[in-house]
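Before any comments, here is the structure.
Only the coordinates and a few stated rules stand behind these numbers; no lab work does. Everything quoted here is computed from the prediction, not taken from an experiment. All Cβ positions, glycine included, derive from the backbone under ideal geometry; neighbour counts span all protein chains shown.
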Amino acid sequence: MNFSIEKSIDKVPDDWDSLDEDIFLSTKYLKSKEASLPENYTLYYISIYVDNQLVAKSVCQVIEVSLDNVSKKTFLPKWILNRLKFNVFCFGNMFLTGNHIFSFTKDGEDFFLNNIELFVKEIEKLADKKSHLTLLKDMKSDRLKEVKAKLKDYTTLKVQPNMVLEIKEDWQTFEDYLLAMRTKYRTRAKRAFKKSKEINFIEFKAEEIKENETKIYQLFKNVANNAEVSAYVLPSNYFYELKDKLKDDFKLVVGKLNDEIVCFYTLILNKNESETGFLGYDTEQLYRHELYLRMLYEMINKSIELKKKEVFFSRTALEIKSSVGAEPIEIYGLAKAKNRVLNKFLPKIIDLFYKGKEWEKRNVFKD
């Protein structure tokens, strides 16, 4: 076996897209990401071959992190946080919740996991940066066990669950979805639609996203600025680049009130799944028109129309997502700090900066 590591998606092998259909490891998605990266990000593409045949691929994100930017709620003073800077080498996608670490044949998987330290060293040379933390993110429990067996010196990190709605086969329309609900939650949905009846939802084309880029980004920042934990700031061209490269596999839908954009949501279509991406809203209209809840219903409606089997809602706002029928899927990460002492106490250190919130799971559907 042999491997190559490239700094541009344009230089990966021609058969990069041959391994599977995960859109988040496809050249078209990675081109959009490369064209709209946060300032503290760089990407490295790993290709593994046997006899000149591609058997595994992965993307490593090198992220320069300052704890002052990552966490807004800690006991440490700002002047200390400003000094705490480190480099994270992340295998997996920091923009998403879910396992998009690598694609492989069986031989390729073993080679990737057995040589991950070698890949890190080679990327350190290319990036001219030392890795302080190596991270493999968002694995389900069954995959975690297999991967952990090969990476015994990595620490297991449990994070907030991914909220996933399974679209039943008999939900041919949004009305079918509503009829499957218990009365309490169906009434709640109807109330949200009544409060937001003046909102008109329209899917934007690429040129419309470009024309309204400033407004869309402003609404996105209303949400992003309230995040307790964030390792990056998305640039304003992120949504346009996704639409430009993914075409019909990316949906950006705006909500208009009297011709004024007051909210938007995004979907990325990945095989049988809808992946909800970033969204935004006008904070003054948020509660008056139940914008957030209405957008969740719109995402479900759109996914039913597109004949998808699951909607991935990610790991934020767990309780309201549970109230529309999403179920929690437990996910884990594996991490290794370069410093042995830090590696030993890694879970406790992470707990200082990131704590999962308590929430109540809802029982939405009829038995």
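Any chance you could run the full-extension gain for Thr105 through Leu179? It's 0.36 nm times the residue separation minus the Cα-Cα distance, nm to one decimal.
Details: separation 74, 0.36 × 74 = 26.64 nm, distance 4.26 nm.
Using 0.36 nm per residue and subtracting the Cα-Cα distance, I get 22.4 nm.
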### Task
For region 248-352, evaluate the Debye formula with one uniform point scatterer on each Cα (no solvent term) and list log10 I(q)/I(0) at q = 0.17 Å⁻¹, rounded to two decimals.
-0.84
### Task
Compute the length gained on full extension between Asn114 and Phe345: take 0.36 nm times their separation in residues and subtract their Cα-Cα distance, giving the result in nm to one decimal.
80.8 nm
### Task
Can you pull the one-decimal nm distance between simple spin-label points at Lys256 and Glu358, each 7 Å off the Cα toward Cβ?
4.5
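Rounded to a whole number of µm²/s, how large is the Stokes-Einstein D of the chain at 4 °C and 1.567 mPa s, given Rh as the Kirkwood radius over C-alpha pairs? Walk me through the numbers before you get to the answer.
On the way: Rh = 21.9 Å.
Using the Kirkwood radius from Cα pairs, D works out to 59 µm²/s.
Which order do the peptides 182-193, 39-50 come out in when sorted by mean C-beta neighbours inside 10 angstrom, highest first?
Values: 182-193: 14.7, 39-50: 17.9.
Answer by packing, highest mean first, reads 39-50, 182-193.
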### Message
Within region 324-367, list the residues whose amide N lies under 13 Å from a label point set 7 Å along Cα→Cβ of Ser141.
### Response
328-332
## Note on the structure
Under the 7 Å Cα-to-Cβ spin-label approximation, Ser236 and Lys309 lie apart by a distance in nanometres of 4.2
#### Entry: Out-of-range pairs (alpha-carbon distance over 22 Å; input Lys251/Lys309; Lys31/Lys150; Lys130/Lys245; Lys210/Lys271; Lys57/Lys106)
Lys31/Lys150; Lys130/Lys245; Lys210/Lys271
### Task
Please give every one of the lysines within straight-line cross-link reach of Lys366, meaning a C-alpha to C-alpha distance under 16 Å, and leave out same-chain neighbours fewer than 8 residues apart.
Lys168, Lys184
### Query
Is it possible to state the helix-based mean residue ellipticity at 222 nm for the chain, with each DSSP H run of 4+ residues giving -39500 (n - 2.57), the sum divided by total residues, to the nearest 500 deg cm²/dmol? What is it?
-9500 deg cm²/dmol
